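Chemist: This is the structure I have questions about; it appears just below.
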Amino acid sequence: MKALCKCDKKYGAKLIDTDIPKIKPDELLIKVTRTSICGSDLPIYEWKGWAKKRIKPPFTFGHELCGEVIEMGEKARGFTKGDFVSVESHIFCGLCYQCRNDQRHVCANMKILGIDTVGGFSEYAAIPARCAWKHPDKKFKDIGSIMEPLGNAVHAVLVEDVVSKTVLVTGCGSQGLFAIDVARAGGASKIIAVEGAAFRKKLAKKMGADVVFDPKEVNLLSKIKKYAGDGGVDVVCEMSGNPNAINLGLKAVKNAGRFTAFGLTKDKIKIDYSNDIVFKGIKIYAIAGREIFKSWYKMENLLRSKAINPRPVITHVYPMKDYKKAFETMLDPQRRCGKVVMIP
């Protein structure tokens with residue numbers, strides 16, 4: 001089979017010929033139909049930051065994928081050949097304190113597909129059966145690979161209800177765009193977005209943002225508070241990891257409001273802990289992936305009821321042989337893309 005391999009400790013990757021994986025008793029072999037690029041795939045491709053310490057080439061990466069079951073291990077129950085599945089990338093142990101207390105998304109022994117184990121940028125992939133989400137049909141074949149990242153946004157936005165609340169989304173990469181869609185479906189009264197890239201500003205409006213501010217605007221905080229009214233926004237969904245956006249969100253959220261932290265920072269940051277958190281009495285939720293499998297049930301139902309439509313976020317689709325173009329699109333400094341999908 002063909003697989004995208006991080007073969008060397010340097011920039012880039014290679015499309016190689018390799019053996020179709022042999023599955024373990026608790027695994028499924030799937031024929032991958034679509035896979036998509038996550039922001040966390042970029043440090044691997046560029047060979048930067050945490051990837052240098054965690055990734056051990058040669059290694060097939062990629063953790064957002066969907067496909068058709070073609071083989072099942074003897075212990076993989078509940079599946080038949082031909083089933084269409086999306087993949088939960090967090091490989092949970094099922095035995096630790098967190099797993100036994102309905103917190104599998106923060107399993108103490110967590111491994112991540114395509115980072116700690118062989119991934120799915122390939123024609124075939126072996127995945128733990130416990131991490132496969134079986135769809136009742138193939139209706140979402142075109143968006144099956146983006147359900148993993150969509151689940152992040154579902155968890156981030158709906159960790160508490162947003163009915164009749166003002167929601168601020170900082171950062172309109174694919175996660176922020178999904179968050180806007182989910183907030184609208186969740187009944188938010190106003191959705192305010194902050195994004196600097198012109199391409200993504202338009203996408204944010206298309207996904208349902210009422211207003212999109214540029215992070216470089218003068219008196220941005222005052223403008224957000226004025227638009228939100230009542231002393232600030234009820235909910236902040238911080239999807240960028242940008243230190244300025246984090247501080248903006250903490251100052252924009254009203255007293256007793258909610259701050260949802262999803263974006264990852266590259267370095268340590270400074271915040272006004274006393275004034276922006278303690279004295280305001282805000283609630284902070286840290287989002288590490290999806291609630292397994294609560295978020296998946298919510299996603300499936302939101303999609304089937306047509307309450308959300310994430311398809312516009314997919315702006316580029318490439319055959320996997322054009323992986324260089326796909327990664328160049330993701331790495332475009334002008335951020336002229338949403339979600340980038342590859343077809344093996």
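Chemist: Please tell me if VAL85 is in a strand (DSSP E or B), aliphatic (A, V, I, L, M) and touching a Cys at 6+ places or on another chain (Cβ under 8 Å).
Modeler: Yes; evaluated as a whole, the condition is true for this residue.
Chemist: Consider VAL235 carefully, then state whether it is under 22 Å from VAL85 (Cβ atoms) and assigned to a strand (DSSP E or B).
Modeler: So VAL235 fails the test.
Chemist: Right, next: Could you check ASP272 against (1) over 28 Å from GLY338 (Cβ atoms); (2) surrounded by 14 or more Cβ atoms within 10 Å (Cβ to Cβ) and say which number it fails?
Modeler: Every listed condition holds for ASP272 apart from (2).
Chemist: OK, next. Consider LYS24 carefully, then state whether it is farther than 25 Å from THR329 by Cβ, at pLDDT 95 or above, surrounded by fewer than 24 Cβ atoms within 10 Å (Cβ to Cβ) and not aliphatic (A, V, I, L, M).
Modeler: Yes, satisfied.
Chemist: Hey, any hits in the range 258-279 for a residue that's of a type outside the set (Phe, Trp, Tyr), within 30 Å of GLY94 (Cα to Cα), free of Cβ contacts under 8 Å to residues at least 24 places away in the same chain and outside the structural domain of SER145 (by TED's automatic domain parsing)?
Modeler: yes
Chemist: Identify, from the list LYS22, LYS56, the residue that is over 24 Å from the mean Cα position of the chain (by Cα) and farther than 28 Å from THR315 by Cα. Break it down into steps so the answer makes sense when it comes.
Modeler: On the way: LYS56 fails: over 24 Å from the mean Cα position of the chain (by Cα).
Exactly one residue qualifies, and that residue is LYS22.
Chemist: Restricting the search to the range 41-56, which residues are out of contact with any Gly (no Cβ under 9 Å at 6 or more places or on another chain) and either free of Cβ contacts under 8 Å to residues at least 24 places away in the same chain or crowded, with 17+ Cβ neighbours inside 10 Å (or both)?
Modeler: Within the range 41-56, LYS48, TRP50, ALA51, LYS53, ILE55, LYS56 qualify.
Chemist: While we're looking at this one, here's another question. Failed condition for ALA256, given (1) part of a strand (DSSP E or B); (2) of a type in the set (A, V, I, L, M); (3) surrounded by 20 or more Cβ atoms within 10 Å (Cβ to Cβ), with all others met?
Modeler: (3)
Chemist: Please count how many residues of the range 312-331 are surrounded by 15 or more Cβ atoms within 10 Å (Cβ to Cβ), touching a residue at least 40 places away in the same chain (Cβ under 8 Å) and out of contact with any Phe, Trp or Tyr (no Cβ under 9 Å at 6 or more places or on another chain).
Modeler: Looking only at that region, the number is 1.
Chemist: Restricting attention to the range 156-176, does a residue exist that is farther than 18 Å from LYS298 by Cβ, out of contact with any strand residue (DSSP E or B) (no Cβ under 8 Å at 6 or more places or on another chain) and in the same structural domain as LYS254 (by TED's automatic domain parsing)?
Modeler: Yes, the conditions are met somewhere in the range 156-176.
Chemist: When you go through VAL182, VAL163 one by one, which is the residue that is among the β-branched types (Val, Ile, Thr), touching a residue at least 24 places away in the same chain (Cβ under 8 Å) and assigned to a helix (DSSP H, G or I)?
Modeler: VAL182
Chemist: Output yes when any residue across the range 200-209 is without any contact (Cβ under 8 Å) to a residue 60 or more places away in the chain, of a type in the set (Gly, Ala, Ser) and assigned to a loop (DSSP other than H, G, I, E, B), and no when none is.
Modeler: Of all residues in the range 200-209, those without any contact (Cβ under 8 Å) to a residue 60 or more places away in the chain come to 201-202, 204-205, 208-209.
Narrowing further to those that are of a type in the set (Gly, Ala, Ser): 204, 208-209.
Now restrict to residues that are assigned to a loop (DSSP other than H, G, I, E, B): 208-209.
The answer is yes, given that some residue of the range 200-209 is without any contact (Cβ under 8 Å) to a residue 60 or more places away in the chain, of a type in the set (Gly, Ala, Ser) and assigned to a loop (DSSP other than H, G, I, E, B).
Chemist: Which condition does VAL69 not pass, out of (1) among the β-branched types (Val, Ile, Thr); (2) closer than 24 Å to LYS294 by Cα; (3) part of a helix (DSSP H, G or I), if it passes all the others?
Modeler: Checking VAL69 against (1) among the β-branched types (Val, Ile, Thr); (2) closer than 24 Å to LYS294 by Cα; (3) part of a helix (DSSP H, G or I), the one that fails is (3).
Chemist: Here is a follow-up. Inspect the range 106-127 for any residue being without any contact (Cβ under 8 Å) to a residue 12 or more places away in the chain, surrounded by fewer than 20 Cβ atoms within 10 Å (Cβ to Cβ), out of contact with any Ser or Thr (no Cβ under 8 Å at 6 or more places or on another chain) and assigned to a helix (DSSP H, G or I) and give the result as yes or no.
Modeler: No, every residue in the range 106-127 fails to be without any contact (Cβ under 8 Å) to a residue 12 or more places away in the chain, surrounded by fewer than 20 Cβ atoms within 10 Å (Cβ to Cβ), out of contact with any Ser or Thr (no Cβ under 8 Å at 6 or more places or on another chain) and assigned to a helix (DSSP H, G or I).
Chemist: When the range 311-321 is examined, which residues are found to be touching a strand residue (DSSP E or B) at 6+ places or on another chain (Cβ under 8 Å) and not aliphatic (A, V, I, L, M)? Spell out the reasoning first.
Modeler: So in the range 311-321, the residues touching a strand residue (DSSP E or B) at 6+ places or on another chain (Cβ under 8 Å) come out as 313-321.
Those that are touching a strand residue (DSSP E or B) at 6+ places or on another chain (Cβ under 8 Å) and not aliphatic (A, V, I, L, M): THR315, HIS316, TYR318, PRO319, LYS321.
The values are calculated or read from the model by the stated rules, or taken from the named source; none is laboratory data. Every value quoted in this text rests on a predicted model; they were computed, and no experiment measured them. Here Cβ is always computed from backbone atoms with ideal geometry, including for glycine, and neighbour counts include all displayed protein chains.
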